[in-house]
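**Student:** Handing you this structure, nothing more for now.
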Amino acid sequence: MIRFENVDKWFGPMQALTGVSGEVGRGEVKVLVGPSGSGKSTLIRTVTRLETIQGGRVLVDGTDIASRGVDINRLRQRVGFVFQAYNLFPHLSAIGNITLGLTKLRGMGKAEARERGLAELARVGLAEKADEMPGRLSGGQRQRVAIARSLAMDPQVMLFDEPTSALDPEMVGEVLAAMKQLAASGMTMICVTHEMGFAREVADEIWFMERGAVLERGKPAELTSTSAHSRLQAFLASTRHGGSAA
Amino acid sequence: MGYVFDLRGVLSGQYLDWFVIGVATTLALTCVAWCLAMAMGIILTLIRMIPLPPLGWFVALYVEYHRNVPLLVQILIWYFGVPSLLPRPARQWINAHHGEFLLAAIALGLASAAYIAEDIRSGIRSIPKAQYEAARSIGFGYLGAMGYVVLPQAMRIAIPPLINQTLLLFKNTSLAMAIGVGELTYRTREVESYTFKTFEAFAVATVIYLLISFGIMALGSYSDRRLKLETR
Ligand SMILES: Nc1ncnc2c1ncn2[C@@H]1O[C@H](COP(=O)(O)OP(=O)(O)O)[C@@H](O)[C@H]1O
Ligand SMILES: [Mg+2]
């Protein structure tokens, strides 16, 4: 589904990704973990060309996303992206956030789009908040609306960039629940998160990144068991608990 | 000095009618010029968004001209200069249809557009890049992201300065008397010269200008409250 082949990314003189390779199969869930600045965000942002790369290739469904024939706006509809800061559109209601892409990009009628939007909101447990403005929703509710907004475009892949790290602790659970449900439905996902409980429950594999490279990958049980002598284990120990490292 | 302040003289009969016509003309001129200014302001903003340097230069030139040449001069150029460039039938049509009103509206509207374009631009600058990025990541192109996500927010943020521009535009309509548009100031001068009641005539005009300004401000703060973005 997604393949990274020797991906190099530079920000000016600073190399943010150094020869990253890896594969995410259809229906798989990968969790990216690593210290702040290790390149996690940069790596998933390359998948929708929010960051361009200087070396290597990123393939989605077998197609090099940098090749000429690729309609990037089409691709982005098929690859959902959930940001740490939600990035809801504050001038639109919850449902308005969701229907914008449906009506303007998909050419769906208003009524149909609203129906679809309501269904997506129901999936994340927010049907009754459809007409609220984002400013009146809690952080957890906003993030769930953001997830619904991505899902409405029928993505084949969902990318999550620390979707719970801006949230108050009591709201983390509701967002993780929505993500778990999504994983259970067979969605292909790459999640940057330090929620190890989530990783153990749904991840097929954890990738541990440091200084722009994937240093270690393996099944959650292998990497996080108390007997494991993994880099991940050391990292988690150094940050005491999974949640605080950004 | 024995001057008796008496409003009855200027607020009755024919003079009252002149005031009413004056107010109506001022309001009409404000509305027409305002619509033109908003449309042109948005068009200039959109042009500036296109990443082609010559277009940016054009907008910069437009803005500098309209902000630095006295408005009265701009109005006179439109009134005396522009029609002479037009073919005769167009000129005759303009003269037959209160050309001075139309040309004043164009001059006022285009000048105001320069300021409005600047206000919208600062509004755009204040929208976080993440909003644009979120729109792109849903699949919107550059123009879609700007048009559906960035610009609507920028316009809301720009409401307070836009109210200011509206007030300025409203007050500047009085300059149109210079080319014979029968707006409030023009009519006031007329009443004054017929009645010699200078203070009364201008007192009436002053109060009317104030009331309408307050009305615009009230309307503006109402829409600001209605449309204000609740930021995170
Ligand atoms: N737009 C940018 N311009 C310059 N440097 C950047 C930019 N985005 C990220 N970086 C740098 O790239 C490195 C990786 O960043 P990032 O992918 O955000 O790390 P992570 O998500 O793992 O915290 C960091 O050193 C960061 O400072
Ligand atoms: Mg990050």
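The values are calculated or read from the model by the stated rules, or taken from the named source; none is laboratory data. Since we're looking at a predicted model, the values are computed, not measured. Glycine gets a Cβ as well: all are built from the backbone with ideal geometry, and neighbour counts include every protein chain shown. Just the protein is used for accessible areas: all its heavy atoms, side chains included, with ligands, DNA and RNA removed. Shrake-Rupley method; radii C 1.70, N 1.55, O 1.52, S 1.80 Å.
**Student:** Restricting to bridges with both residues inside the protein assembly as shown, how much of the DSSP beta-bridge set is antiparallel, in percent to the nearest 5? Before the final figure, lay out each step's value.
**Tutor:** Values: 19 of 36 bridges.
Here the share of antiparallel DSSP bridges comes out near 55 percent.
**Student:** Let me ask another. Please report the spacing between the Cα centers of the stretch B:1-54 and the stretch A:114-188 in Å, no decimals.
**Tutor:** If you average the Cα positions of each part, the centres end up 49 Å apart.
**Student:** Sort the stretch B:69-195 into rounded, prolate or oblate with this rule: let a ≥ b ≥ c be the square roots of the eigenvalues of the Cα gyration tensor; rounded if a/c is under 1.5, and if a/c is not under 1.5, prolate when a/b is larger than b/c, oblate otherwise.
**Tutor:** Details: a/c = 3.84, a/b = 2.08, b/c = 1.85.
Here the stretch B:69-195 falls in the prolate category.
**Student:** Residues of the protein assembly as shown: accessible area per residue at 1.4 Å, in Å²?
**Tutor:** Numbers: 22580 Å² over 478 residues.
Here the per-residue accessible area is 47 Å².
**Student:** Related question: So between B:LEU52 and B:ARG91, what do we pick up on full extension, going 0.36 nm a residue minus the alpha carbon distance? Intermediate results must be reported in sequence, preceding the final value.
**Tutor:** Details: separation 39, 0.36 × 39 = 14.04 nm, distance 3.58 nm.
Fully extending the segment from B:LEU52 to B:ARG91 adds 10.5 nm.
**Student:** Near the amide H of A:LEU32, under 5 Å away, which other amide H atoms are found, from residues 5 or more places off or on another chain, if H is placed in the peptide plane?
**Tutor:** Those lying under 5 Å, H to H, from A:LEU32 are A:CYS191, A:VAL192, A:THR193, A:TRP207.
**Student:** Taking 7 Å along the Cα-to-C-beta vector as the label spot, tell me the B:PHE199-A:GLU128 distance in nanometres, rounded to one decimal.
**Tutor:** Each label point is offset 7 Å from its Cα along the Cβ direction, giving 6.8 nm.
**Student:** Helix B:198-227 versus the longest principal axis of chain B: what angle, 0 to 90°, nearest 10, using Cα atoms?
**Tutor:** In chain B, helix B:198-227 runs at an angle near 20 degrees to the longest axis.
**Student:** Residue by residue through A:66-78, how many Cβ atoms from other chains fall within 10 Å of the Cβ on average?
**Tutor:** Numbers: counts 0, 0, 0, 0, 0, 2, 3, 8, 1, 1, 7, 4, 1.
Shielding by partners across A:66-78 averages 2.
**Student:** Oh, and also: Which whole number gives the average, over all residues in A:86-97, of C-beta atoms from other chains lying within 10 Å of the residue C-beta?
**Tutor:** On the way: counts 3, 11, 3, 10, 11, 14, 4, 0, 0, 0, 0, 3.
Partner-chain Cβ atoms within 10 Å, mean over residues of A:86-97: 5.
**Student:** In straight Cα distance, which aspartates and glutamates are under 15 Å from B:LYS197, not counting same-chain residues fewer than 8 positions off?
**Tutor:** Those aspartates and glutamates meeting the cut-off are B:ASP6.
**Student:** Ignoring ligands, DNA and RNA, what percent of the accessible area of the stretch B:7-226 is carbon or sulfur (1.4 Å)? Could you put the intermediate results ahead of the total?
**Tutor:** Working: 7750 of 11040 Å².
On the stretch B:7-226, the fraction of accessible area on carbon and sulfur atoms equals 70 percent.
**Student:** Let me ask something else about it. Just subtract the alpha-carbon distance of B:ASN68 and B:VAL20 from 0.36 nm times their residue separation and send over the number in nm, one decimal.
**Tutor:** Numbers: separation 48, 0.36 × 48 = 17.28 nm, distance 3.37 nm.
This chain segment gains 13.9 nm when fully extended.
**Student:** Based on alpha-carbon centroids, what's the gap between the stretch A:45-62 and the stretch B:175-232 in Å, whole number please?
**Tutor:** What the calculation gives is 59 Å, centre to centre.
**Student:** What order do you get for A:33-41, B:161-169 when each peptide is scored by the mean count of other beta carbon atoms within 10 Å, highest first? List each step's numbers first, then the result.
**Tutor:** Values: A:33-41: 21.0, B:161-169: 18.9.
Packing proxy ranking, top to bottom: A:33-41, B:161-169.
**Student:** Something else: For the stretch A:128-193, what does the convex hull of the Cα positions come to per residue, in cubic angstrom? Numbers along the way, then the final one.
**Tutor:** Details: hull volume 6.2 nm³, N = 66.
With only Cα atoms used, the stretch A:128-193 gives 94 Å³ per residue.
**Student:** Roughly how crowded by other chains is peptide B:139-146, in terms of the mean Cβ count from those chains within 10 Å of each of its Cβ atoms? Each step should come with its number before you reach the end.
**Tutor:** Numbers: counts 16, 7, 5, 1, 0, 5, 1, 0.
Mean number of neighbouring Cβ atoms from other chains: 4.
**Student:** Quick one: pull the percent of accessible area on the stretch A:178-219 belonging to carbon and sulfur, 1.4 Å probe, ligands and nucleic acids left out. Could you put the intermediate results ahead of the total?
**Tutor:** Details: 670 of 1590 Å².
Accessible surface attributable to carbon and sulfur in the stretch A:178-219 totals 42 percent.
**Student:** Might you report the magnitude of the Cβ-based charge dipole of the protein assembly as shown about its Cα centre, with Lys and Arg at +1 and Asp and Glu at -1, to the nearest 20 debye?
**Tutor:** Details: 48 positive and 40 negative charges, 96 e Å.
Dipole size: approximately 460 debye.
**Student:** I've got another one for you. Provide the buried accessible surface between chains A and B in square angstrom, both chains summed, 1.4 Å probe, rounded to the nearest 100. Working shown, then result.
**Tutor:** Details: alone 11220 and 13360 Å², together 22580 Å².
So the buried area, both faces added, is about 2000 Å².
**Student:** Still on this structure: Calculate the FRET efficiency for A:SER21 and A:ARG200 from the Cβ-Cβ distance with a Förster distance of 22 Å, rounded to the nearest 0.05. All intermediate terms of the calculation are to be shown ahead of the outcome.
**Tutor:** Values: r = 25 Å, r/R0 = 1.12.
The formula returns an efficiency of 0.35 here.
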